[in-house]
Number of protein chains: 2
Amino acid sequence: MGSSRFTASLTLVVIMTFSYKSFSWMGVNASDVPTSCNHYCNQTLESRHQCYKRCEKLAHKNGYKIYGYPYSPNTRRVLAVLHEKGLSYDPITVDLVAGEQKKPQFLSLNPFGLVPVFLDGNLKLTESRAISEYIATVHRSRGSQLLNHNSCKAMGTQTMWRNIESFEFDPPASILTMELSTKPRIGLKTDYKLVNETEPKLEKVLDIYEERLKNSRYLAGDSFTLADLYHLPNIQYLMDTPTKRLFINRPNVHIWVVKITARPAWKKACDVKAWYGKKRN
Amino acid sequence: MGSSRFTASLTLVVIMTFSYKSFSWMGVNASDVPTSCNHYCNQTLESRHQCYKRCEKLAHKNGYKIYGYPYSPNTRRVLAVLHEKGLSYDPITVDLVAGEQKKPQFLSLNPFGLVPVFLDGNLKLTESRAISEYIATVHRSRGSQLLNHNSCKAMGTQTMWRNIESFEFDPPASILTMELSTKPRIGLKTDYKLVNETEPKLEKVLDIYEERLKNSRYLAGDSFTLADLYHLPNIQYLMDTPTKRLFINRPNVHIWVVKITARPAWKKACDVKAWYGKKRN
């Protein structure tokens, strides 16, 4: 038993050594790095810093490109993750108001006609939450720890709260953001009947959040994770609309909202001037 | 450099040995098993079988409980994962037609009033996709390999296709399942105006799937993963409705549908008699 464990570990040393050597010879993108790289670092204690440094070097060699629109909630979700991780990126503007997302040039990049699109070398990803999870996993050892995967229980709980955002919070919150924030900004008329039908749905979700946040600092536990971050884009817009009252009337939800919207990375994600300041197209 | 790698690996051996010893002394649930357990097995070659066996023993000690309804698409999604992994479970029926999901007893279990609810010891999870991901991760080394996480690129691609299911496919597909399958089954009237508005939305998604499946056996690559599995519940119901034509008119989508719906695990997930045969409440 002890002997087989030792043999196995020696094999592991050989695999790891070989992998690192191979990668130091090649120019690779994050997408080519074995998922074992950062995980291996998490298992070691003494050389952790050096190990992380090596993974980072592999994972962010060629920079990231993000096609998006700085007012788009889905674009901001990914920007928040990039800033939490302290990663640089090249922004490429897709003007949603001008309908650029429906033009052939953009549709060839994402046939769904949606921003953001994220490029990491030859890997192209769409869907803001998938991109966020990808970045948080590849760079798990850098910047804010957005994934709490120390135990299966922590992993399961966080995955559940990420899905609650996607399937329970986002549907009513996105409708309210569109009707009360986006439409007025671009000169379209708000559908107040829809607003009145949707607010009670959001209230039911927030009642459950209020209970959860009585006993937990953040949704998935005592630290800020992707589960909280995913909520930021809609909440930020809704706090400038009458729907704000649904959040501030619930004391624990309110504390949570103040805490997560105050994060420096989030402020940077909402900085429209900074996006255009980086303009390259 | 070589020396620090060796020290790191020795530390890993010590951590692993200590962890396994600790766990063999305790009665633990899957939720308590460190995420490193199965991952460690994936890194070793020679003792892999023994290592997997040990992880499995830790991870499924006390059995799983699932509150659900055997006709519910979301319940079936989780059952499919359990059967793909060859895991046993105790089904507890929540009769959705009788409205049991809105009664206080069930709401105390899941305040959203939704099935399924999954219990693994003292860990309670809701949201079918979160439960599926949890089971597939904890039991990654058992049964069908539902996660392809061999590289960051594979992981990112699969995460993207899982999100495409959630945000692009599921919204129109769920509406059509409800209107054309669920409502007629429980004696409610189909809203054909809604059906006519929704089918073109599903068609747009299926056009993109058709292109993808020209070059890829499954959505996330050449093997069946959670990204395919997540589609099964809606597709199964829609293949018994007029919407079936949208799938069979697209040759690559059709091949994919035939392939994924024929999986033995999926047949078991749809076996309503088997669910009630296991009835324990």
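The values are calculated or read from the model by the stated rules, or taken from the named source; none is laboratory data. In this text, all values refer to a predicted model and were calculated from it rather than measured experimentally. Every residue, glycine among them, receives a Cβ derived from its backbone with ideal geometry; neighbour counts consider all protein chains shown. Please note that ligands, DNA and RNA were not included when accessible areas were found on the heavy atoms of the full protein model with its side chains. Shrake-Rupley method; radii C 1.70, N 1.55, O 1.52, S 1.80 Å.
What relative contact order, as a whole-number percentage, does the range A:88-142 give when Cα pairs under 8 Å and 6 or more residues apart are counted?
Working: 32 pairs, mean separation 9.6, N = 55.
Relative contact order of the range A:88-142: 17 percent.
What FRET efficiency do you get for A:SER223 and B:ASN150 if R0 is 25 Å and r is their Cβ-Cβ distance, rounded to the nearest 0.05?
Values: r = 29 Å, r/R0 = 1.15.
The value I calculate is 0.30.
Quick one: which residues, 5+ away or cross-chain, put their amide H under 5 Å from the amide H of B:ASP90? H built at 1.01 Å from N.
Under 5 Å from the amide H of B:ASP90 lie the amide H atoms of B:TYR64, B:LYS65, B:ILE66, each far enough along the sequence or on another chain.
Using the heavy atoms of the protein chains and a 1.4 angstrom probe, tell me the accessible area per residue for the range A:58-137 in square angstrom. Walk me through the numbers on the way to the answer.
Working: 2640 Å² over 80 residues.
On a per-residue basis, the range A:58-137 sits at 33 Å².
If the label for A:SER223 sits 7 angstrom from Cα along the Cα-to-Cβ line, what are its distances to the same label in every other copy, in nm to one decimal, shortest first?
3.0
Here are some pairs, A:LYS259/B:LYS85; A:LYS153/A:LYS268; B:LYS214/B:LYS244; which of them have Cα atoms lying more than 29 Å apart in this structure?
Details: A:LYS259/B:LYS85 40 Å; A:LYS153/A:LYS268 32 Å; B:LYS214/B:LYS244 20 Å.
Pairs exceeding 29 Å: A:LYS259/B:LYS85; A:LYS153/A:LYS268.
Can you work out the FRET efficiency for the pair B:ALA98 and A:LYS201, with r the C-beta to C-beta distance and R0 = 25 Å, to the nearest 0.05?
Details: r = 23 Å, r/R0 = 0.94.
The formula returns an efficiency of 0.60 here.
Grab the other residues whose beta carbon is less than 11 angstrom from that of B:GLU165, score K and R as +1, D and E as -1, and report the net. Intermediate values should be presented prior to the final figure.
On the way: positive: B:ARG77, B:ARG129, B:ARG162; negative: A:GLU127, B:GLU168, B:ASP170, B:ASP228.
Its environment carries a net charge of -1.
How large is ³J(HN,Hα) for each residue in the range B:124-137, as worked out from phi by the Karplus curve 6.51 cos²θ - 1.76 cosθ + 1.60 (θ = phi - 60°), to whole Hz, x for Gly and Pro?
Taking θ as phi minus 60°, the curve returns 10, 10, 10, 6, 4, 6, 5, 4, 4, 5, 4, 5, 5, 7 Hz for the range B:124-137.
Suppose accessible area is computed on protein heavy atoms with a 1.4 Å probe; arrange B:ARG245, B:ARG212 from highest to lowest. All intermediate terms of the calculation are to be shown ahead of the outcome.
Numbers: B:ARG245 100, B:ARG212 70 Å².
In descending accessible area the options line up as B:ARG245, B:ARG212.
What net charge do the residues around B:ILE131 carry, taking every other residue with its C-beta under 11 Å from that of B:ILE131, with Lys and Arg at +1 and Asp and Glu at -1? Walk me through the numbers on the way to the answer.
Numbers: positive: B:ARG77, B:LYS124, B:ARG129; negative: B:ASP120, B:GLU127, B:GLU133.
The answer is 0.
How high is the relative contact order of the range A:152-266, in percent, counting Cα pairs under 8 Å that sit 6 or more residues apart?
Over the range A:152-266, the number comes to 32 percent.
Using the Karplus equation 6.51 cos²θ - 1.76 cosθ + 1.60 (θ = phi - 60°), what ³J(HN,Hα) coupling, rounded to whole Hz, does each residue of the range B:178-190 give in order, writing x for Gly and Pro?
For the range B:178-190, the Karplus-derived couplings read 4, 6, 9, 10, 5, 4, x, 5, 9, x, 9, 8, 6 Hz, x marking Gly and Pro.
Can you list, shortest first and in nm, the gaps between the label point of A:ALA262 and those of its counterparts in the other copies, using a point 7 Å from Cα in the C-beta direction?
Output for A:ALA262: 6.0 nm, nearest copy listed first.
What is the sum of charges around B:ASN249, taking Lys and Arg as +1, Asp and Glu as -1, for the other residues whose C-beta is under 10 Å from the C-beta of B:ASN249?
Numbers: positive: B:LYS244, B:ARG245, B:ARG250; negative: B:GLU203, B:GLU210.
My count for the surroundings of B:ASN249 gives +1.
Accessible area of B:GLU168, 1.4 Å probe, to the nearest 10 Å²?
Counting only protein heavy atoms, the figure is 30 Å².
Along the Cα-to-Cβ line of B:TYR276, 7 Å from the Cα, sits a label point; which residues in the range B:62-99 have backbone N less than 20 Å from it?
B:66-77, B:79-80, B:89-99
Considering only protein heavy atoms, with the full assembly of protein chains and a 1.4 angstrom probe, order A:GLU133, A:GLU211 by accessible area, largest first. Working shown, then result.
Details: A:GLU133 20, A:GLU211 100 Å².
Largest accessible area first, the residues go A:GLU211, A:GLU133.
May I ask you to list the aspartates and glutamates whose Cα is less than 12 Å away from that of B:LYS183, ignoring any residue fewer than eight positions away on the same chain?
B:ASP191
Report, ordered by chain and residue number, the aspartates and glutamates lying within cross-link reach of B:LYS103, taken as a straight Cα distance under 12 Å and ignoring same-chain residues fewer than 8 apart.
B:ASP95
Give me the log10 of I(q) over I(0) for the range A:152-266 at q = 0.16 Å⁻¹, as the Debye formula computes it from C-alpha points; what are the numbers?
-0.72
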